[in-house]
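**Student:** Have a look at this one.
Rule-based calculations on the coordinates, nothing more; no lab input. Small disclaimer: the values here were computed from a predicted structure and weren't measured. As a convention, Cβ positions derive from the backbone with ideal geometry for all residues, glycine included, and neighbour counts pool all protein chains shown.
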Amino acid sequence: MSTKIKESDYIHEPLTDFSLEKNRQVFKDSLNLVESQLGKDYPLVIGGERITTNEKIVSINPANKDKIIGTVSKTNKELAEKAMQAALTAFETWKKVTPESRANILFRTASMLRHRKHEFSSYLVKEAGKPWIEADADTAEAIDFMEYYARQMMQLKDGIPVQSREEESNKFKYIPLGVGIIISPFNFPLAIMAGTTVAAIVTGNTVLLKPSNNTPVVAAKFVELMEDAGLPSGVLNYIPGSGSEVGDYLVNHPKTRFISFTGSREIGCRINERAAKVQPGQLWLKRVIAEMGGKDTIIVDAEADLDIAASSIVHSAFGFSGQKCSACSRAVIHEDVYDEVVEKVITLTKTLSIGNPADSNTYMGPVIDQKSFEKVMQYIKNGKEEGKLVTGGLGDDSKGYFIQPTIFIDVNERARLMQEEIFGPVLAICKARDFDHLLEVANNTDYGLTGALISNNHDHIERAKEEFHVGNLYFNRGCTGAIVGYHPFGGFNMSGTDSKAGGPDYLILHMQAKTISVTHL
Ligand code: NAP
């Protein structure tokens, strides 16, 4: 492996052009291949050992709940402890493996995933209900995370230069932390699960991976891929299980060195609080990387391209059924252009096709599960008292968990629809008096993940750069679709620890810095 890899060599993985018939055909073939593999049983992987339990997690297709994607063994506390011991043992050797060798495994896994890209994307279609383009983007992002972090590790492997003096040589280098618990969400079941896992691994740590119970099969496939790429046993332990049982047990564990969590605010806060308590025998303060929810806003200025505004709002609101932490769940529009933008947004939304994500022309599939379906439908019911329903509003959970893209207008800026993360295809629209008011509403939630301003006014753009308080701020585009290495991703306030996944600071969070000063005798 060359040590001359530069960050500037990195180019993100291109998305598949599904307008080409040949690409559509290859993807259909992959969907058929995956269909023929459904229903398998997946064991835990602890220290390289396959362990099958009697108790199972059953992963189903949210677009067709009678279809089983796979059954997955379920970790209990005893097995979680076994996994912790395996990871502690593996850490003693893995931490001594050179950064080049560790990075190489990521490069190899990325290359293998690229070869099997459509197969993995097909699992995302079936297990997470992702339409083709969303699944394709998820897989591309996983590849990006591996390539980017491998390159970053090569940048950091010798530490950062510090001053030396005539009488002493000084070094500042990064060393691994220990055993990390990776807890991932359902909505980017490949990209976030893989990204958070490999960041911890390439930096020399060993990990216990607890994926979302909604999407454990794609995680099992990824663990197999890393093994095939040469990852030694015990470095990555696959332990799906109940968040409240296994999650709590490992978050409390005195040997847990860090927790990398992505998910809801509620669980993130719980983990942060529990991790802060020093347990008997614990030698460190646990580090918590927590990327949590969002209530992301697109604001539309009086001077703006209104077609860009409408399309940015609609695609950011309803892509993957609004189940992105970056989804635009609220739009705030200047009163001068309010009626026109609202009309364009409604018209465009009515063109979206909803249905089985396995069909190539489906824009929006289901939400992830019954709990989510009920939660979103409750917001829609309550929303009728908070705003005017102008399109959508209906749900159908007879076969899968389908909810129409739903828009409420004239919503008060303090209404629940404007303040709480709904995580479904529901958009609230609110009118603003002037630019000050646009910014005021943009900043009036507990969150601070993403946001966008649609404006042609240079002064307003400059003001928003300073005053729109979100971790990822975009201009004249939607607020979703961050690309690894281009738009490091993470939020302020209750959106988490702003750890900026896919950015130049990210790996350092998984290491500790050691200063070494040698006096010349
Ligand atoms: P979630 O319900 O919080 O679950 C996330 C993970 O936490 C799952 O693996 C879950 O396991 C686990 N968990 C549950 N209880 C736990 C406990 N007591 N201790 C440890 N782990 C526990 O989130 P989700 O519904 O999967 O994902 C959607 C949320 O993630 C949204 O709020 C979204 O905004 C956020 N998100 C944020 C980002 C970001 O970068 N900021 C990115 C993606 C998603 P189970 O499956 O067993 O419940």
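**Student:** If I fit a long axis through the Cα atoms of helix 306-318 and take the longest principal axis of the Cα atoms of the chain, what angle between them do I get, 0 to 90°, rounded to 10?
**Tutor:** Its long axis makes an angle of about 60 degrees.
**Student:** Count the net charge of all other residues whose Cβ sits under 14 Å from the Cβ of LEU79, scoring Lys and Arg as +1 and Asp and Glu as -1.
**Tutor:** +1
**Student:** In debye, nearest 20, what is the charge dipole magnitude of the chain about its Cα centre with +1 on Lys and Arg Cβ and -1 on Asp and Glu Cβ, if you could check?
**Tutor:** Values: 57 positive and 66 negative charges, 407 e Å.
Result for the chain is approximately 1960 debye, rounded to the nearest 20.
**Student:** Now, a different point. Positive end of the charge dipole of the chain (Lys, Arg +1 and Asp, Glu -1 on Cβ, about the Cα centre): tell me which of THR197, SER321, ILE308 has its Cα farthest that way.
**Tutor:** THR197
**Student:** Provide ILE461, ILE259 in ascending order of the number of other Cβ atoms located within 10 Å of each residue's Cβ, fewest first.
**Tutor:** Lowest to highest Cβ neighbour count: ILE461, ILE259.
**Student:** Quick check: Cα centre of segment 338-374 to Cα centre of segment 447-471, how many Å?
**Tutor:** 26
**Student:** If you split all Cα-Cα distances of the chain into 10 Å bins from zero, what percentages do you get per bin, shortest first?
**Tutor:** Pair shares across the bins are 4, 19, 28, 26, 16, 6, 1, 0.
**Student:** I need ASP296, ASP228 ordered by Cβ neighbour count within 10 Å, fewest first.
**Tutor:** ASP228, ASP296
**Student:** Additional query: Just report the Cα centroid separation between segment 75-125 and segment 196-215, whole Å.
**Tutor:** Computed from Cα coordinates, the inter-centre distance equals 7 Å.
**Student:** Report, by chain and number, residues whose modeled amide H sits under 5 Å from the one on GLY48, excluding near sequence neighbours (fewer than 5 apart, same chain).
**Tutor:** HN-HN under 5 Å from GLY48: GLY234.
**Student:** I've got another one for you. Just the number, please: percent antiparallel of the DSSP beta bridges in segment 296-493, rounded to the nearest 5. Write down the numbers at each step before the final one.
**Tutor:** Details: 5 of 27 bridges.
That works out to approximately 20 percent antiparallel.
**Student:** Quick one: plug the Kirkwood hydrodynamic radius of segment 285-356 (C-alpha pairs) into Stokes-Einstein at 4 °C, 1.567 mPa s, and report D in µm²/s.
**Tutor:** 96
**Student:** Rounding to the nearest 20 debye, state how big the charge dipole of segment 315-435 is about its Cα centre with +1 on each Lys and Arg Cβ and -1 on each Asp and Glu Cβ.
**Tutor:** Dipole size: approximately 240 debye.
**Student:** Test of understanding: express the Cα radius of gyration of segment 160-234 as a ratio to 2.2 N^0.38 Å, with N the residue count. Don't skip to the answer; put the middle values down first.
**Tutor:** Values: Rg = 17.3 Å, N = 75, 2.2 N^0.38 = 11.3 Å.
After normalising by residue count via 2.2 N^0.38 Å, the value is 1.52.
**Student:** Could you work out [θ]222 nm for the chain from helices alone, using -39500 (n - 2.57) per DSSP H run of at least four and dividing by all its residues? Round to the nearest 500 deg cm²/dmol.
**Tutor:** Helices in the chain give a 222 nm mean residue ellipticity of -11500 deg cm²/dmol.
**Student:** Which of ALA358, ILE429, ILE57 sits closest to the plus end of the dipole of the chain, meaning its Cα is farthest towards the positive end, when Lys and Arg get +1 and Asp and Glu get -1 on the C-beta?
**Tutor:** Ranked along the dipole, the leading option is ILE57.
**Student:** Also, I was wondering about something else. Residues with beta-carbon under 13 Å from that of VAL411, excluding VAL411: net charge, scoring Lys, Arg +1 and Asp, Glu -1?
**Tutor:** Net charge around VAL411: +2.
**Student:** Among ALA128, TYR148, HIS115, pick out the residue whose Cα is farthest towards the positive end of the charge dipole of segment 108-159, where Lys and Arg carry +1 and Asp and Glu carry -1 on C-beta, about the Cα centre.
**Tutor:** About the Cα centre, the residue reaching furthest to the positive side is HIS115.
**Student:** Also: Can you tell me the orientation of helix 191-202 relative to the chain, as the angle in degrees between its alpha-carbon axis and the longest Cα principal axis, to the nearest 10?
**Tutor:** 20
**Student:** Okay, next question. Evaluate E = 1/(1 + (r/R0)^6) for PHE18 and THR53, where r is the Cβ-Cβ distance and R0 equals 41 Å; express this FRET efficiency to the nearest 0.05.
**Tutor:** 0.55
**Student:** Taking the DSSP beta bridges in the chain as the whole, what percent of them are antiparallel, to the nearest 5?
**Tutor:** Working: 27 of 71 bridges.
Of the beta bridges lying entirely in the chain, close to 40 percent run antiparallel.
**Student:** So, one more: Taking the Cα centre of segment 391-471 as the origin, how large is its charge dipole in debye, to the nearest 20, when only Lys and Arg (+1) and Asp and Glu (-1) carry charge on their Cβ atoms? Provide the component values of the computation, followed by the final result.
**Tutor:** Numbers: 7 positive and 14 negative charges, 49 e Å.
Here the size comes out at about 240 debye.
**Student:** Whole Å is fine, so just give me how far the alpha carbon centre of segment 281-304 lies from that of segment 499-521.
**Tutor:** Here the answer is 23 Å between Cα centres.
**Student:** Quick one: TYR10, TYR447, fewest Cβ neighbours within 10 Å first, how do they rank?
**Tutor:** Ordered from fewest to most neighbouring Cβ atoms within 10 Å, TYR10, TYR447 come out as TYR10, TYR447.
**Student:** Angle check, please: helix 370-383 long axis (alpha carbons) against the longest principal axis of the chain (alpha carbons), in degrees 0 to 90, nearest 10.
**Tutor:** The two axes meet at around 40 degrees.
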